[in-house]
Amino acid sequence: IIMDGNGRWAKKRFLPRAMGHRQGAQALDKLTKEAEGLGVEYITVYAFSTENWKRSKDEVDSIMGLLREYINRFFNDKKSILKIRSAGDLTALSPDLRAVTKIAEDVKAGKIQPEDINDQMISDNLDTAGIPDPELIIRTSGEFRTSNFLMWQSAYSEYYITDKLWPDFNVEDLKDAIKAYQTRDRRFGGRKEG
């Protein structure tokens, strides 16, 4: 899910942007609690992009505070079945290597040959290794761009775009997205014969 529109949600209500992010976090909290009952096994959310560092210090601090609050809550909730994994460029948060850099280092060290590099090797070295590629990507706020979200993993994802701002997105909207997805003819680049 590309959770877009928190700031616009707050602006429409003459509230500080931080309130929009808090409302967006609450929307995610509600959605994750309902998603399992709908058969959803994985939810990957775009919570913070590298471009978001360009925002005001107050807004970035607010978002980081929410991330810290929710991550701590999930880790301390013994009943929660949720697992949290970070993906992407975390260099501003903690040391990290990207998948292609790691593979290049392995080639340089003689551990692998360039001709050994394939799609699976790249997938196995991404932050999302072991997690299935997304079947459905939901983008709120009516934007028609990927915003660098899971570029490799989403090559054959189906997209669902809604004009709703993220804080207003609810379980009924998720059901609508799933229903729309279920009507799609997923060919993964091939054609059905006949």
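The values are calculated or read from the model by the stated rules, or taken from the named source; none is laboratory data. Small disclaimer: the values here were computed from a predicted structure and weren't measured. Methodologically, a virtual Cβ is constructed for each residue, glycine included, from the backbone with ideal geometry; neighbour enumeration extends over all protein chains shown. Heavy atoms of the whole protein, side chains included, go into the accessibility calculation; ligands, DNA and RNA do not. Shrake-Rupley method; radii C 1.70, N 1.55, O 1.52, S 1.80 Å.
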_Flag for Asp116 being under 30 Å from Asn170 (Cβ atoms) and open to solvent by 50 Å² or more (accessible area, probe 1.4 Å)_ = no
*Residue by residue through region 114-143, note down the ones that are out of contact with any helix residue (DSSP H, G or I) (no Cβ under 7 Å at 6 or more places or on another chain) and in a helix (DSSP H, G or I).*
Glu115, Asp116, Asp119, Gln120, Ser123, Asp124
*Among the residues of region 14-23, is there at least one that is out of contact with any helix residue (DSSP H, G or I) (no Cβ under 8 Å at 6 or more places or on another chain), touching a residue at least 24 places away in the same chain (Cβ under 8 Å) and either farther than 17 Å from Ile71 by Cβ or not hydrophobic (A, V, I, L, M, F, W, C) (or both)?*
no
*Of all residues in region 87-113, which are small (Gly, Ala, Ser), surrounded by 10 or more Cβ atoms within 10 Å (Cβ to Cβ) and at pLDDT 80 or above?*
Ala104
_Given (1) within 12 Å of the chain's Cα centre (by Cα); (2) farther than 19 Å from Gln182 by Cα; (3) at pLDDT 80 or above, number of the condition Asn118 does not satisfy_ = (1)
*Search region 107-125 for residues that are free of Cβ contacts under 8 Å to residues at least 24 places away in the same chain and pair each with any residue that is assigned to a loop (DSSP other than H, G, I, E, B) when their beta-carbon atoms are under 8 Å apart and the residues are at least 6 apart or on different chains.*
Val107/Gln113; Val107/Ile117; Met121/Ile112
*Looking at region 159-194, which of its residues are over 13 Å from Thr140 (Cα atoms), at pLDDT 90 or above, touching an Asp or Glu at 6+ places or on another chain (Cβ under 7 Å) and in a loop (DSSP other than H, G, I, E, B)?*
none
*Where in region 1-86 are there helices (runs of 4 or more DSSP H), lying fully within it, with 1 or more residues that are hydroxyl-bearing (Ser, Thr, Tyr), modelled with pLDDT of 85 or more and closer than 25 Å to Lys175 by Cβ?*
17-35
*Filter result for the condition that a residue is among the hydrophobic types (A, V, I, L, M, F, W, C), out of contact with any strand residue (DSSP E or B) (no Cβ under 9 Å at 6 or more places or on another chain) and open to solvent by less than 40 Å² (accessible area, probe 1.4 Å), over Leu165, Leu150*: Leu165
